[in-house]
Structure formats: C-alpha cells, structure tokens
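**Q** Could you have a look at this structure, given as structure tokens, before my questions?
The values are calculated or read from the model by the stated rules, or taken from the named source; none is laboratory data. Because the structure is predicted, anything quoted here is derived from the model rather than measured. Heads up, the Cβs are rebuilt from the backbone with ideal geometry, glycines too, and the neighbour counts pull from every protein chain shown.
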Amino acid sequence: MKKLFVFVLLCNLALAGTLILLSGEQARDGAAPPPPLPASAAPLKLLSEVPEAAEPVAQAQVASAPPTTAIAVPAVQTPTAVAPASARTQTEVPAVEPPAATPTAVAAPETPAVPPQPDLCRSFGPFESQDGADQVGRELATAGYDVTPRTANQPQLFGYWVYLPPFPSRAAAAEAAKHLADLGIRDYFIVLASGKRNAVSLGVFSKKRSAEQRKERMEALGFSPVIDERLRDHTVYWLDYRGRKEIPESVWKPLAGKNAGIKRVARDCP
C-alpha cells in the first residue's frame, strides 16, 4: 500500500510540474492562466514528510479526489527474457554447409614428345689450296649453308721407290753394291736409316711405269728388287658442314665440277 501511495504522489508531482510549465508558456504567449485547483485538493507533500500512520488517510484522500484529476499511468514494459548463451549460439550461428565436392581433374594422356631431328655433318674436300676452299665456302654460304674451314695433314704420294730389300749385314749390302758397280749400275746407295737399314736403293721415280721398268732391268741382271710408294705429309683444306638439312645435289654438283678431286664425306657429328 505504501508503494502505491508513493507512485500516485510521484504522478501528481509530474502533473503539477507539467501544468506549471504550461502556465509559464501561456503567460509568455498572452494566454489566460489555468484555473486554480479546487479547495478540496490536498497539498503536495514530500515522501519524507508523510508519517507511517498517515498512510490510511492518504489513501482516503486519494479515493475522494475528484475524477477530473485522474492521471494516466504509462504501461510498464516487461523485460524480455534472455535466452541462455548456448541457445543464442545455436540460434545466431548459421548452419555451415559442407563444401561441395570438387570434381577430380582427369589428366589428359601425355603426347609422346617428338625427338628433335639430329644434325647432319658433312665434310667437303680436300682442297689443294686455301683460295679454292674459301671460294666454295662463300658459294655455300650464299646458298644458305654455313661451313667451317679447317686444315689437315694428308699423306701424299710423291714417287715410287725401287730398292733391294735389307741385307742381313752391312757387309752383305756392300757386296751387293759392288756387284751393281761391276755391272755398270751407278745409281744406287746403301740405306743407313732405321726401318730399311742395309737396303740398297736403286732410285725414286715420279711415274709408276718408270719404276716398273727399273725393276724389270734389275731382275734381268739377277737381282730381286721391290717397289714401294713414297709418301709425305701434305697440307690440305676441308670445309665442315653441320645442319638439319642436307645440301642438295643442285648446289653440290656445280661446285664439285669446278674443283676436281673434291668429294662430300659423311662424318659423325662431334
């Protein structure tokens, strides 16, 4: 009951304050002041001024108050119940859908790699002079085939040697030489170098037929001569080619026709 009295008292205080503010605004605006409160209205008192025993009297006064002073009591909002944290978590967190299955990529069958075409290696020569090799090299380069010049030592036949094979001793070789002299042969000498030591040379001939005639004459005198080719190192010139395509006959044949003795030789690429 005490709480109800306090609540009504506070509502009256709020109403009185509102009326005072409105009367002040009307006075400023030139409006007529509000009518005075009726004489039967109870004066306002603070809560501390109201004794405990006066509580029934205050209730009687409130009951006898005229109906014009009724005050609308605002509705008291009821606090909303708060759900437990576990319930909020279940409500607020959206359901997570499992990720869609990613289709497994199927590897395309590998195409076997085509091995590169191997290079072709050719050599052109031998040329007797460097000028001849350089001329052919320029013509090949003009046709789109680059070549690399190189030199080589090549055994070259320069004659035919007729001689009597080596004798067992120097004395035996000297005896054969004396026999040649007695027969009127002057073109001979005893070989002292290793390899053919104690042989008796009967001459070196540039032509094979001349060497064969010498041999036949010695045989007629009762000797047994032999013929060997005489070789010596000779510098020659080559052109080396390396590429993916063969040099066609239409390019090669005119060059070979202008340089007698040269040939095209296949070789292993280094």
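**Q** What strands (runs of 3 or more DSSP E), lying completely within region 197-270, carry at least 2 residues that are under 30 Å from A171 (Cα atoms), in contact (Cβ under 8 Å) with a residue 60 or more places away in the chain and in the same structural domain as P149 (by TED's automatic domain parsing)? Even if it seems obvious, please write down each step before you answer.
**A** Numbers: elements: 200-205, 226-243, 263-266.
So the answer is 226-243.
**Q** E110 passes all but one of (1) surrounded by fewer than 11 Cβ atoms within 10 Å (Cβ to Cβ); (2) of a type in the set (D, E); (3) at pLDDT 90 or above; which number fails?
**A** Every listed condition holds for E110 apart from (3).
**Q** Here is a further query. For region 139-191, name all the residues that are closer than 30 Å to G243 by Cα and polar (S, T, N, Q).
**A** Restricting attention to region 139-191, the residues satisfying the condition of being closer than 30 Å to G243 by Cα are 139-155.
Scanning region 139-191 gives T142, T148, T151, N153, Q154.
**Q** In region 133-157, which residues are surrounded by fewer than 13 Cβ atoms within 10 Å (Cβ to Cβ) and touching an Asp or Glu at 6+ places or on another chain (Cβ under 9 Å)?
**A** T148, N153, P155, L157
**Q** How many residues does region 212-237 hold that are surrounded by fewer than 14 Cβ atoms within 10 Å (Cβ to Cβ), under 30 Å from G261 (Cα atoms) and among the hydrophobic types (A, V, I, L, M, F, W, C)?
**A** Matching residues across region 212-237 total 2.
**Q** Checking the condition β-branched (V, I, T) and in contact with a Phe, Trp or Tyr (Cβ under 9 Å, 6 or more places away or on another chain), which residue from I185, I227 passes? Before you say what the answer is, go through the steps one by one.
**A** Working: I185 fails: in contact with a Phe, Trp or Tyr (Cβ under 9 Å, 6 or more places away or on another chain).
Of the residues listed, the single one that is β-branched (V, I, T) and in contact with a Phe, Trp or Tyr (Cβ under 9 Å, 6 or more places away or on another chain) is I227.
**Q** So if I check each of V147, V162, which one is within 15 Å of F223 (Cβ to Cβ) and in contact with a helix residue (DSSP H, G or I) (Cβ under 8 Å, 6 or more places away or on another chain)? Write out each step before concluding.
**A** Details: V147 fails: within 15 Å of F223 (Cβ to Cβ).
Result: V162 is the single residue among V147, V162 that is within 15 Å of F223 (Cβ to Cβ) and in contact with a helix residue (DSSP H, G or I) (Cβ under 8 Å, 6 or more places away or on another chain).
**Q** Testing A176 on (1) modelled with pLDDT of 90 or more; (2) within 42 Å of the chain's Cα centre (by Cα), one condition comes back false. Which one is that?
**A** (2)
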